[in-house]
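The numbers here are math on the coordinates, done by the rules we state, and not lab data. Since this is a predicted model, take the numbers as computed values, not measurements. Heads up, the Cβs are rebuilt from the backbone with ideal geometry, glycines too, and the neighbour counts pull from every protein chain shown.
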Amino acid sequence: MNPFFKSTTALGIALTLLSGPAFADMDAAKKFLDEEIGDLSALSRADQEAEMQWFVDAAQPFAGMEIKVVSETITTHEYESKVLAPAFTAITGIKVTHDLIGEGDVVEKLQTQMQSGQNIYDGYINDSDLIGTHWRYQQARNLTDWMAGEGADVTNPGLDIDDFVGKQFTTGPDGKLYQLPDQQFANLYWFRYDWFNDEKTKADFKEKYGYDLGVPVNWSAYEDIAEFFTGRDMSYAGGPEKVYGNMDYGKKDPSLGWRYTDAWMSMAGMGDKGEPNGLPVDEWGIRVNENSQPVGSCVARGGATNDAAAVYAVTKAIEWLQKYSPPAAAGMTFGEAGPVPAQGEIAQQMFWYTAFTADMVKEGLPVMNEDGTPKWRMAPSPHGVYWEEGMKVGYQDAGSWTLMQSTPVDAAKAAWLYAQFVTSKTVDVKKSHVGLTFIRESTIQHPSFTERAPKLGGLVEFYRSPARVQWSPTGTNVPDYPKLAQLWWQNIGDAMSGAKTPQEALDALCADQEKVLERLERAGVQGDIGPKLNEEQDPEYWLSQPGSPKAKLENEREEPKTVSYDDLIASWK
């Protein structure tokens with residue numbers, strides 16, 4: 001069990017709640033601070049109590065109310081549901097039911113509420129990938145106006161929006177905040193630091209490839225390292241007799257789509273330059289005009305979903321899955337593949353989520369040292385041959401609080417209080433030690449994470465580094481995430497199974513995306529910020545323009561390049 005997760009406290013708080021009346025209670029707050037938070041807070045004890053007193057006072061009109069909120073099932077949200085929700089109830093008198101369901105189910109519930117107008121949940125922790133959807137449909141409360149107007153009486157003066165590192169991900173092109181980040185994690189490169197620093201392994205690699213084994217900067221180096229380790233006997237370095245140089249997954253499942261929309265395409269170099277997302281073409285290959293209206297997905301309309309960089313991205317993923325990964329990986333989903341590197345047979349993985357960190361540092365795992373430090377490290381992912389400086393190079397998941405317009409005002413206010421409680425400066429350091437999903441700068445810089453950093457494999461160093469701005473969620477070019485996301489796994493699945501070539505699958509995908517864009521344009525439901533498709537032209541017109549889409553390079557293998565992990569970390573400092 002994570003030493004920072006105290007289930008006993010949850011039980012104690014729940015008992016306090018069951019035996020007490022339904023009203024705001026500062027004694028419960030002090031008990032919570034004593035037993036659960038302690039020194040693990042960005043605030044002093046006096047400031048913690050002041051913040052809790054604000055919650056007690058602000059919640060009084062809502063005492064006895066029952067609300068329901070929902071999130072996907074990850075460690076961070078389990079902690080909120082099991083520990084923070086009972087604490088909030090005991091402190092405020094507002095009874096919160098925090099449901100935990102699959103990520104796809106969260107989107108489905110949200111979509112049903114948008115379509116029906118019926119209030120299913122009072123608050124959603126919903127990926128910021130839907131920012132383009134929320135901004136265009138205007139069915140989510142715009143939090144900037146909410147905090148200044150209708151929700152002003154329940155907005156914590158100590159909320160400090162500028163302390164949230166992901167606020168740019170949840171801000172629309174209109175400059176308004178639509179969602180409040182609750183948890184955040186990146187997809188990074190993961191590798192066996194112990195094997196990469198073993199003298200025999202380094203010498204063997206140098207002899208075969210002519211350059212130093214290290215963190216791959218580009219896909220050519222990643223490919224060489226994958227080839228080098230696959231089938232290699234690492235028993236001389238404490239490993240198994242057969243290891244693999246790559247880990248991935250390939251089952252035709254909704255999570256297969258995330259694998260690609262979650263920035264695999266931008267890592268390859270498909271989109272345009274820009275932070276947090278490429279403009280005018282993003283990592284989904286969708287182009288927008290100067291009014292942020294989607295105008296195309298296929299190259300013939302200026303999009304890039306089926307350009308050479310996209311084909312290269314899918315081709316390489318399939319090739320590496322088949323050549324360098326455990327045979328079972330092709331039939332796995334995201335959730336099934338995630339724990340595999342911890343079993344000790346994987347040398348590196350390019351597409352690895354930091355959300356798995358908490359599960360990868362457990363005592364007794366083959367990838368852990370006896371002193372509690374990991375045998376592995378995380379580092380920036382390598383980029384493909386079409387990538388250029390100034391492009392995003394990876395994905396961050398930013399699960400964020402979303403209040404729907406269809407939720408009654410009182411219920412929305414109560415849910416907003418809970419959202420602020422679980423993201424507050426009082427709570428966030430402790431919550432981040434449990435789930436390792438950073439959302440606040442004050443938490444990232446907290447001394448307790450300086451102390452714990454050596455046991456987290458580079459996570460703290462990454463989040464304190466200037467590099468982190470190149471990792472971002474899906475941006476505002478995507479006008480209807482629920483409708484478009486399902487097209488990805490269905491079409492990419494055809495390429496994975498061999499039913500279609502990568503080019504055929506991506507041609508079908510961009511055509512399917514444009515059908516959805518066309519329907520939205522005809523329906524006019526998103527007004528003058530909805531899709532407005534370009535006329536089709538000869539693809540050569542767009543391929544001759546600077547930026548994305550990109551024409552096929554004669555040679556898609558560049559000079560392989562690696563960097564020493566220790567030098568990389570030193571450069572960040």
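Label positions at Glu199 and Ser564, each projected 7 Å from the Cα along the C-beta direction, are separated by 1.6 nm. Applying 1/(1 + (r/R0)^6) with R0 = 30 Å to the Cβ-Cβ distance of Lys362 and Lys176 gives a FRET efficiency near 0.15.
Between the alpha-carbon centres of the stretch 516-545 and the stretch 54-131 there is a gap of 36 Å. Expressed per residue, the C-alpha convex hull volume of the chain stands at 137 Å³.
Under 12 Å from a point 7 Å along the Cα-to-Cβ line of Thr73: which residues of the stretch 96-136 have their amide N that close? The answer is 100-105.
The length gained by stretching the chain between Gln343 and Gln537 to full extension, at 0.36 nm per residue less their Cα-Cα distance, is 64.8 nm. Overall, the ratio between the Cα radius of gyration of the stretch 265-367 and 2.2 N^0.38 Å, rounded to two decimals, is 1.38.
Beta bridges per DSSP, both residues in the chain: antiparallel share near 70 percent. Using the Cβ-Cβ distance between Ser44 and Ser465 with R0 set to 41 Å, the FRET efficiency from 1/(1 + (r/R0)^6) comes to roughly 0.90. Taken along its principal axes, the alpha carbon cloud of the stretch 147-294 reaches lengths of 66, 38, 32 Å, longest axis first. Over all pairs of different C-alpha atoms in the stretch 334-476, the reciprocal of the mean inverse distance, the Kirkwood hydrodynamic radius, equals 17.5 Å. Where a Cα-Cα gap under 13 Å defines reach, which aspartates and glutamates qualify for Lys552, not counting those fewer than 8 residues away within the same chain? Leaving aside aspartates and glutamates fewer than 8 places away in the same chain, those within reach of Lys552 are Asp307, Glu540.
Solvent-free Debye calculation, one equal scatterer per alpha-carbon of the stretch 77-231: log10 I(q)/I(0) at 0.11, 0.18, 0.20 Å⁻¹ equals -0.67, -1.14, -1.36. Projected label points at Ser235 and Gln53, each 7 Å from Cα along the beta carbon direction, are separated by 6.7 nanometres. Averaging 1/r across all pairs of distinct Cα atoms in the stretch 470-561 and inverting the result yields a Kirkwood radius of 15.9 Å.
Distance between the modelled labels on Asp153 and Glu207, one decimal in nanometres: 7.8 nm (7 Å Cα→Cβ projection). Computed per residue of the chain from DSSP H runs no shorter than four, each worth -39500 (n - 2.57), the mean residue ellipticity at 222 nm is -11500 deg cm²/dmol.
If R0 is taken as 41 Å, the Cβ-Cβ distance between Met26 and Val525 corresponds to a FRET efficiency of 0.30.
The aspartates and glutamates whose alpha-carbon is closer than 13 Å to the alpha-carbon of Lys82, local same-chain residues fewer than 8 away aside, are Glu36, Asp99. Between the alpha-carbon centres of the stretch 332-381 and the stretch 448-500 there is a gap of 16 Å. Extension gain for Ala499-Arg452 works out to 12.2 nm (0.36 nm per residue, less the C-alpha to C-alpha distance).
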